[in-house]
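Peer 1: For reference, the structure I am asking about is given below.
Taken together, the values in this text are just the output of simple stated rules run on the coordinates, not laboratory data. Keep in mind that what you see is a predicted model, and the values were worked out from it rather than measured. Cβ placement follows ideal geometry from the backbone for every residue including glycine, while neighbour counts extend to all protein chains displayed.
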Amino acid sequence: MDELKEKLAFISDMDGVIYHGNRLLPGAKEFVDWLNANNKKYLFLTNSSERTPRELREKLSRLGIDVPEEHFYTSALASV
């Protein structure tokens, strides 16, 4: 666990890691809170092109996690 705490940045998938459908997964909010409290850099990736970063931010907000848009990267952005 100490090695994990020493990392400066994190990249995470979203569906199945942070949420499943419209249900926040256990520990996800605490993980994001920890990232923010420890000034870690992080990026949420998704291979879904259905939602924009703004829409993803809004979804997480509805689930109880506030994350700015710049922390999301979608497959649509990668295609551009």
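Peer 1: What's log10 of I(q)/I(0) for the chain at q = 0.12, 0.17, 0.22, 0.24 Å⁻¹, Debye sum over Cα points only, no solvent?
Peer 2: The computed values of log10 I(q)/I(0) come out as -0.33, -0.66, -1.07, -1.25.
Peer 1: OK, next. So how much slack lies between Arg23 and Phe10, counting 0.36 nm per residue of separation and subtracting their Cα-Cα distance, in nm?
Peer 2: Numbers: separation 13, 0.36 × 13 = 4.68 nm, distance 2.19 nm.
Result: 2.5 nm gained on full extension.
Peer 1: Nearest 500 deg cm²/dmol is fine: what mean residue ellipticity at 222 nm does the chain get from its DSSP H runs of n ≥ 4 alone, each adding -39,500 (n - 2.57), divided by its residue count?
Peer 2: Only helices count here, giving -9500 deg cm²/dmol.
Peer 1: Around Val67, with a cut-off of 13 angstrom between Cβ atoms, what is the net charge of the other residues, counting Lys and Arg +1 and Asp and Glu -1? If you can, show how the numbers build up before the last one.
Peer 2: Numbers: positive: Lys29, Lys40, Lys41, Arg54, Arg57, Lys59, Arg62; negative: Asp33, Glu55, Glu58, Asp66, Glu69, Glu70.
Charge balance in the 13 Å sphere: +1.
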